[in-house]
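Student: To start, I am sharing the structure in question, which I have written as structure tokens.
The values are calculated or read from the model by the stated rules, or taken from the named source; none is laboratory data. Predicted, not measured: the structure shown is a model, and the values here were computed from it. A quick note on method: Cβ atoms are made from the backbone with ideal geometry, for glycine too, and the neighbour counts reach across all protein chains shown. Surface accessibility is based on the protein's heavy atoms, side chains included, excluding ligands, DNA and RNA. Shrake-Rupley method; radii C 1.70, N 1.55, O 1.52, S 1.80 Å.
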Amino acid sequence: MIEGLQHSFPPDAVELALDDPARARAEIAARRSDILALFQRRRGLLAEHFGALVADAWDRAESALCLSLARLAIRHGRFGRDYHHYHNEEHALEILDRRIERVMRELGIRALGGLDWVALTLFATCHDLRQRELVDSGHPVGSNEAASIAETERILDRCGFDRQRDHELYVALEIMIAGSTFDARPTPVDRSTFNTAEVVTTTGPLAPHLAREIERINPAWRHEPSLDRAIRLALIASDLDTANVGESFVELSDSGARLAGEREMRAGRVIESAEAGPTLLSFLTTGQERYFFELHRFCSDVGERVFGPGKAANADKVRQISVLLRERFKDRPAGSFTGRDVLDAQHELVWQLA
């Protein structure tokens with residue numbers, strides 16, 4: 001559907017080393033057996049409400065979930081050595097478990113179709129599979145997202161899905177993951193310094209602009225019967241990905257701190273260093289305010305209904321903590337405080353405001 005994505009990103013070393021869904025399941029069972037219990041509960045819920053067809057799709061999806069989640073944990077999470085504070089298996093699980101569960105609970109499981117829930121669950125574990133790709137600013141879809149799409153399609157193939165029979169799922173995941181792009185800058189960027197953890201404060205998601213971008217790339221897109229559903233799911237997926245704005249203030253602040261930590265790591269700054277102090281302070285004040293008030297917009301009715309009231313409740317606290325953090329460090333010159341000092345202060349102030 002989207003030009004150039006299918007063959008541009010071959011398997012990396014992690015994908016080649018972990019190609020067996022059964023082995024991925026065993027890895028998860030050994031380290032995080034609670035995840036398999038979560039999968040079983042979700043299967044039971046979907047089977048109860050949507051029957052055997054969706055249960056069968058879930059069984060194949062569960063293999064794909066194990067494979068994608070284990071690879072993500074090995075690449076950038078707690079199973080490997082290149083730990084990313086934000087883009088790891090825990091972010092996938094907060095979407096898969098906490099946020100999707102909340103939508104099901106507040107809107108009812110019949111708010112979406114059974115196969116829609118399956119697609120959104122796969123989005124949770126697949127949209128951030130790759131995080132270290134070089135930037136290609138000539139394409140509206142980010143390189144990490146394009147690589148994740150290519151790998152997701154190979155995962156679906158490996159786990160018993162068929163590109164013809166399950167065409168709607170392949171299209172949906174391609175569009176959903178493309179829509180999670182948070183930086184599609186039209187101007188070239190320095191590939192050696194570009195920090196993918198930083199784009200959350202520079203631009204918004206691609207999801208609201210998908211129809212326009214797909215039509216520009218491929219004017220015949222409207223002849224694809226599955227695309228309307230895919231774009232609708234992409235808007236919901238984007239809201240699930242950025243739903244931290246409408247969660248508790250503690251959860252919102254925790255996600256900001258994790259992203260800040262990843263940003264420093266990707267920039268080569270040690271959190272305990274004085275060099276990281278001013279940049280972390282800026283990210284957790286000006287950066288968070290810009291993300292919350294300027295860049296973030298709900299893309300779907302589902303996201304607005306479930307997470308909108310929480311965002312409204314957090315607005316004043318986001319402003320307050322920025323004021324308090326700036327006040328805490330206003331008389332301390334650069335070099336006199338570390339990134340850890342800023343994170344500790346943020347943690348203390350969050351609990352005062354929560």
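Student: What does the accessible area of TRP351 come to, in Å² to the nearest 10, when a probe of 1.4 Å is used?
Tutor: In the full protein context, TRP351 sits at about 150 Å².
Student: A follow-up question, please. Give me the one-decimal nm value for the distance between modelled label points at VAL250 and ARG105, 7 Å along each residue's Cα-to-Cβ direction.
Tutor: 1.4 nm
Student: Next question, about the same structure. Subtracting the Cα-Cα distance from 0.36 nm times the residue separation, let me have the gained length for GLN164 to ASP344 in nm, one decimal.
Tutor: Using 0.36 nm per residue and subtracting the Cα-Cα distance, I get 59.6 nm.
Student: Let me ask something else about it. HIS84's amide H: which non-local residues (gap 5+, or another chain) put their own amide H closer than 5 Å, with H modeled 1.01 Å from N in plane and none for Pro or chain starts?
Tutor: Placed amide hydrogens put GLY77 under 5 Å from HIS84.
Student: Measuring with a 1.4 Å probe in the full set of protein chains, what accessible area per residue, in whole Å², belongs to the stretch 243-353?
Tutor: Per residue, the stretch 243-353 has 44 Å² of solvent-accessible surface.
Student: Calculate how steeply helix 33-50 sits against the longest principal axis of the alpha-carbon atoms of the chain, using the helix alpha-carbon long axis, and give the answer as 0 to 90 degrees to the nearest 10.
Tutor: Compared with the principal axis, the helix lies near 50 degrees.
Student: Determine the share of the chain's accessible area contributed by carbon and sulfur atoms, expressed in whole percent, with a 1.4 angstrom probe.
Tutor: After summing per-atom areas, the C and S share lands at 52 percent.
Student: Ignoring ligands, DNA and RNA, what accessible area per residue does the stretch 1-242 give at 1.4 Å, in Å²?
Tutor: 41 Å²
Student: Taking 8 Å as the Cα distance limit and 6 or more residues as the minimum spacing, I'd like the relative contact order of the chain as a percentage.
Tutor: 16 percent
Student: On to the next question. Over the stretch 41-83, consider all pairs of different Cα atoms and compute the Kirkwood hydrodynamic radius from their mean reciprocal separation; express it in Å, one decimal.
Tutor: Taking every pair of different Cα atoms in the stretch 41-83, averaging 1/r and inverting gives 11.5 Å.
Student: Under a plain spin-label model, where a point goes 7 Å from the Cα along Cα-to-Cβ, how far apart in nm are LEU134 and ASP316?
Tutor: 5.1 nm
Student: A follow-up question, please. Would you mind classifying the stretch 1-97 by shape? Square roots of the alpha carbon gyration tensor eigenvalues, ordered a ≥ b ≥ c; an a/c under 1.5 is rounded, otherwise it is prolate if a/b is larger than b/c and oblate if not.
Tutor: Note, shape of the stretch 1-97 comes out oblate.
Student: Something else about it: Want the number for ALA17 to ASP157: 0.36 nm per residue separation, take away the alpha-carbon distance, what's left?
Tutor: 48.7 nm
Student: With the chain treated as a Gaussian network of Cα nodes joined by springs under 10 Å, which of LEU227, LEU324, LEU206 yields the largest mean-square fluctuation?
Tutor: So, out of LEU227, LEU324, LEU206, the one fluctuating most is LEU324.
Student: Then there is this: Taking only Cα atoms, what is the 0 to 90° angle, nearest 10, from helix 52-76's long axis to the longest principal axis of the chain?
Tutor: 40 degrees
Student: I'd like the Karplus ³J(HN,Hα) series for the stretch 218-233: coefficients 6.51, -1.76, 1.60, θ = phi - 60°, whole numbers in Hz, and an x wherever there's a Gly or Pro.
Tutor: Along the stretch 218-233, the couplings run 9, x, 8, 4, 5, 7, 7, x, 8, 6, 4, 5, 4, 5, 4, 5 Hz.
Student: Length gain on complete extension for the stretch GLU272 to GLU48, per 0.36 nm per residue less the alpha carbon to alpha carbon distance?
Tutor: The GLU272-GLU48 span can extend by a further 75.6 nm.
Student: Continuing with the same structure: Answer with a single label: of (1) 133; (2) 154; (3) 113, which was calculated as volume of the Cα convex hull per residue in Å³ from the structure in view?
Tutor: The listed entry that was calculated here is (1).
Student: Determine ³J(HN,Hα), in whole Hz, for all residues of the stretch 80-91 in sequence, where each value follows from phi through the Karplus function 6.51 cos²θ - 1.76 cosθ + 1.60 and θ = phi - 60°; x replaces Gly and Pro.
Tutor: Result, ordered by residue: x, 10, 10, 5, 10, 5, 10, 7, 9, 5, 5, 5 Hz.
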